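Taken together, the values in this text are just the output of simple stated rules run on the coordinates, not laboratory data. Owing to the predicted nature of the structure, the values given are computational and were not obtained by experimental measurement. Here Cβ is always computed from backbone atoms with ideal geometry, including for glycine, and neighbour counts include all displayed protein chains.
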Amino acid sequence: MTEKPIAVVAAGVAPRLTSGYPADLLAKVQGREKRVLGDLFGLGSFGVNLTTLKPGAQSSLRHAHTVQDEFIYVLAGTPVLMTNAGETQLSPGMCAGFKGGSGDAHCLVNRTTEDVLVLEVGDRQPGDGATYPEDDLAVVMGADGKYRYSRKNGAPL
C-alpha cells in the first residue's frame, strides 16, 4: 500500500501526461497541464486538478456531463469560459459551476500570451457520461469508475 502524503506543494506535483481523447482531437488541448491532486490523497468522492493552460490551450473539449457536477476557480490569468450561452471573460478570483445533467457544455480557452491557472473540482458519481457538441466523441463511465470513449455512433476508438 502506498503511503499518502499529509500535504504537498500543488505546483510541484508532476502533471498527468495522458488524456482519454483520441489522437485526432488531442491538438485541441495541447498546452494543457493537469496536476491531479485529489488522487494523490486517495480521495474517492471527488476529484481535484490544478490545471495550467499555456497560451492558445483549452482546458478540455467543450463537454456537458450527464451526472457529474463540476466547479472551476481561476487562480491566475484571464481565460474565456465557453458555454451554451456563449463566451464569458474570466479573471482571477472568478468561479463557475456546472450542474450534471444540465446539458451546458463548457470549457476554458486561453487566448492570452500568459499562462492561466485554474482549480477544477468534480464529483465522481457512478454512471456519468458526457456529450461533446463540436466533436465526434462520446464517453460513459464503466462499472469500474473509468471513462470509456467512443465515437458518437458507438464505434470504438
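Yes/no matrix, rows are residues, columns are (1) closer than 30 Å to V9 by Cα; (2) of a type in the set (A, V, I, L, M, F, W, C):
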residue	(1), (2)
L75	yes, yes
T78	yes, no
Q89	yes, no
P92	yes, no
H106	yes, no
D128	no, no
G145	yes, no
What tally of residues in segment 22-49 results from selecting those that are outside any strand (DSSP E or B), in contact with a strand residue (DSSP E or B) (Cβ under 7 Å, 6 or more places away or on another chain) and surrounded by 17 or more Cβ atoms within 10 Å (Cβ to Cβ)? 4
Restricting attention to segment 50-75, and to residues there that are β-branched (V, I, T) and in contact with a Gly (Cβ under 9 Å, 6 or more places away or on another chain), which single residue is surrounded by the most Cβ atoms within 10 Å (Cβ to Cβ)? I72
Report every pair of residues separated by at least 6 positions or lying on different chains whose Cβ atoms are under 8 Å apart, first residue within segment 132-157 and surrounded by fewer than 11 Cβ atoms within 10 Å (Cβ to Cβ), second of a type in the set (A, V, I, L, M, F, W, C). G154/A138
Which numbered condition trips up T66, out of (1) in contact (Cβ under 8 Å) with a residue 60 or more places away in the chain; (2) under 26 Å from T78 (Cβ atoms)? (2)
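If we keep just the residues of segment 112-133 that are part of a loop (DSSP other than H, G, I, E, B) and within 16 Å of the chain's Cα centre (by Cα), which is farthest from P55 (Cα to Cα)?
Taking the candidates together, the pick is Q125.
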Just a yes or no: is a residue in segment 87-97 over 27 Å from G129 (Cβ atoms) and surrounded by 12 or more Cβ atoms within 10 Å (Cβ to Cβ)? yes
